[in-house]
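This report refers to the structure that appears directly beneath it.
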Amino acid sequence: MNPVELSPPALDQAPFAVMIFDAQGVVHYANGSFRFLCGHLYPAPGSNENGALQIPADDALLQNWKNYSSERECAVKSEWLRNPESDEFFYGVVRLQAYGNQTLACFYAQDLSELRLTYRSLRSTMETFHAIFNLAPDVISLTRMSDNVVVQVNKAYEKLSGYDASHLLGRTSIDSGAWKNPSDRLRLLEGLMAHGRVECMPVEMLDKQGNILHVSVSSVVVQLHGEPHMLSIFRDISEQVRNERDLRELNQQLEERVTTRTQELSRLNQELESYIYTLSHDLRSPIRAISGFSALLREQGESELSEDNRILLNRIESAAKRMMQMTDDLLRLARLSRSAVERKTLSLARIAEEVHKDFEAHHPERHVELICKDPLTAWGDPQLLRHVIENLISNAWKYTSTKPNATIRLWSEADIHNQTRFLIQDNGVGFDSSYAQRLFQPFYRMHKDSEFPGTGIGLATVARIVYAHGGQVGASATPGGGAMFWFSLPNQEDNDA
């Protein structure tokens, strides 16, 4: 009987290869899967006239014939049957089977080359994973959540705790004495149950010697063999905690030093301001005496003075007048330094217009245009800020005296740190901007008194008032191209906060 006729039709559709052959190596049947896997054998040298395959006599399929039986399957690796793409052998089993008066061997095989490649890749991946797992500087553990038993831990555990890994494996972390506060582990589990993961939770743990370890724990729930496990990473942050503690102590010490120095500096400033106030006040009497005696000398004996003596008398009167102006300015600066800042909403534009009208009344021979379109709303002390505007407009008025068409322009713009910047620009003689910050120092002047009279106190007064409001001052200019002064003030909401 033909074996093909006896073979079930389902064999042709089977996903595994089936081949039926006799003891001489003649293949009587091969199903579709076999022809798909071994199609390179058709047609083959040695095939008979019917196209049947002939198994080589030295192949294991024939060499093992004596081991075949109908009672059990025999595993065979054939070198004749290879995958031409991967050059992998086919592995299969052979069982003898009677077909009529013939005893034939049935070979069942499957191409395992792809599976073997997958296995090799998986094994390589596992080896890489284990290398990374044990080389990681942080402790990594895997805990079965059904009984809280630790099933795996890396070598970093030994370095951190001082224990061998066997101390923890097969036990719960509570039993191993790892937690300083067991309630921390309960918090960790509660976080896992609520969110499925916990990141960077600070806890305290104990090493083998009982020392406290500050640790940051991150955990996530993973499924392993159908069971939930807790994968945890423990990072030693003891040094970081110590550094933060030392930094807090250092900051506390620095704050105490700053407080002490600030109090001392405040006391010294108060003493200095008191000294300046007293000195300025006391200097007025001798200066008045010099001015008075100079005037008396001019009234009673000017006719008897020579021309040179008259020049000297003029210099004495001019110097006394200048000295009186300086003491008045110093006295005003000292008084302003003692003044408390009482803030309210006000318009600097309105103050500027009032100041400008006063200057026009005192200098009717000059025409200076004031351009101020914005309301210039500010939050500050009205009297103190009026001194700021007076000094800045006075400065602009003075240094535009050589210009036939003098212009003073005021505007505001947003500044950083929730402040508003107010700017005053003129088209006067200007100055070298490299000396801009020195202009706000007392008595510093960039022009001779014969060119533009002054004491050098006005801009120092501006800076003192603005600093008292929590703002900043600045200036920029070019020689002959005018000057621009600015000051910034905190906005109202910033002060309320």
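Brief remarks follow.
- Qualifying residue in the stretch 217-227 (condition: assigned to a helix (DSSP H, G or I) and of a type in the set (A, V, I, L, M)): no
- The set of residues in the stretch 12-25 that are crowded, with 17+ Cβ neighbours inside 10 Å and at pLDDT 85 or above comprises Val18, Met19, Ile20, Phe21, Asp22, Gly25.
- Any chance Glu413 is within 39 Å of the chain's Cα centre (by Cα), acidic (Asp, Glu), farther than 20 Å from Thr478 by Cα and surrounded by fewer than 17 Cβ atoms within 10 Å (Cβ to Cβ): yes
- Selection status of Arg257, surrounded by 10 or more Cβ atoms within 10 Å (Cβ to Cβ) and within 27 Å of the chain's Cα centre (by Cα): no
- Matching residues, the stretch 294-320, being charged (D, E, K, R) and surrounded by 14 or more Cβ atoms within 10 Å (Cβ to Cβ): Arg298, Glu317
- Residue within the stretch 459-478 that is of a type in the set (Phe, Trp, Tyr) and either outside any strand (DSSP E or B) or assigned by TED's automatic domain parsing to the domain that holds Ser318 (or both) present: yes
Yes or no, residue by residue, for (1) farther than 16 Å from Tyr108 by Cα; (2) surrounded by 11 or more Cβ atoms within 10 Å (Cβ to Cβ); (3) modelled with pLDDT under 80:
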| residue | (1), (2), (3) |
| --- | --- |
| Val27 | no, yes, no |
| Ser33 | no, yes, no |
| Glu49 | yes, no, yes |
| Gln54 | yes, yes, no |
| Leu61 | no, yes, no |
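- Residues that are surrounded by 12 or more Cβ atoms within 10 Å (Cβ to Cβ) and without any contact (Cβ under 8 Å) to a residue 40 or more places away in the chain, drawn from the stretch 223-254: Ile237, Ser238, Gln240, Val241, Glu244
- The condition of being touching a Lys or Arg at 6+ places or on another chain (Cβ under 6 Å), under 29 Å from Gln492 (Cα atoms) and either in the same structural domain as Val473 (by TED's automatic domain parsing) or of a type in the set (A, V, I, L, M, F, W, C) (or both) does not hold for Asp426.
- Among the residues of the stretch 165-200, the one identified as exposed (fewer than 12 other Cβ atoms within 10 Å of the Cβ) and among the acidic types (Asp, Glu) is Glu190.
For every residue, the table says whether it meets (1) in a helix (DSSP H, G or I); (2) hydroxyl-bearing (Ser, Thr, Tyr); (3) closer than 28 Å to Leu11 by Cβ.
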{"residue": "Arg95", "(1), (2), (3)": "no, no, yes"}
{"residue": "Thr103", "(1), (2), (3)": "no, yes, yes"}
{"residue": "Ala109", "(1), (2), (3)": "no, no, yes"}
{"residue": "Ile132", "(1), (2), (3)": "yes, no, no"}
{"residue": "Leu160", "(1), (2), (3)": "yes, no, no"}
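- Condition met for Glu88 (touching a Ser or Thr at 6+ places or on another chain (Cβ under 6 Å), modelled with pLDDT under 85, of a type outside the set (S, T, N, Q) and assigned by TED's automatic domain parsing to the domain that holds Ala14): yes
- Only residues that are part of a strand (DSSP E or B) and either over 44 Å from the mean Cα position of the chain (by Cα) or not assigned by TED's automatic domain parsing to the domain that holds Ser412 (or both) were counted in the stretch 346-397, giving 4.
Listed here are the residues, each with its yes/no results for (1) touching an Asp or Glu at 6+ places or on another chain (Cβ under 7 Å); (2) on the phi < 0 side of the Ramachandran plot; (3) modelled with pLDDT of 80 or more.
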{"residue": "Leu297", "(1), (2), (3)": "no, yes, no"}
{"residue": "Gln300", "(1), (2), (3)": "no, yes, no"}
{"residue": "Ser318", "(1), (2), (3)": "no, yes, no"}
{"residue": "Asp328", "(1), (2), (3)": "no, yes, no"}
{"residue": "Glu342", "(1), (2), (3)": "yes, yes, yes"}
{"residue": "Glu365", "(1), (2), (3)": "no, yes, yes"}
{"residue": "Ala378", "(1), (2), (3)": "no, yes, yes"}
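- Yes/no for Tyr157 being in contact with a helix residue (DSSP H, G or I) (Cβ under 8 Å, 6 or more places away or on another chain) and either assigned by TED's automatic domain parsing to the domain that holds Val76 or not small (Gly, Ala, Ser) (or both): yes
- Enumeration of residues in the stretch 201-221 that are in contact with a strand residue (DSSP E or B) (Cβ under 9 Å, 6 or more places away or on another chain), free of Cβ contacts under 8 Å to residues at least 24 places away in the same chain and surrounded by fewer than 17 Cβ atoms within 10 Å (Cβ to Cβ): Met201, Ser218
- Looking across the stretch 127-162 at every residue that is surrounded by 13 or more Cβ atoms within 10 Å (Cβ to Cβ) and hydroxyl-bearing (Ser, Thr, Tyr), the one that is nearest to Ser238 (Cα to Cα) is identified as Ser161.
The values are calculated or read from the model by the stated rules, or taken from the named source; none is laboratory data. Predicted model only: the values in this text are computed from it and were never measured. Counting neighbours? That spans all protein chains shown, and the Cβs are built from the backbone with ideal geometry, glycine included.
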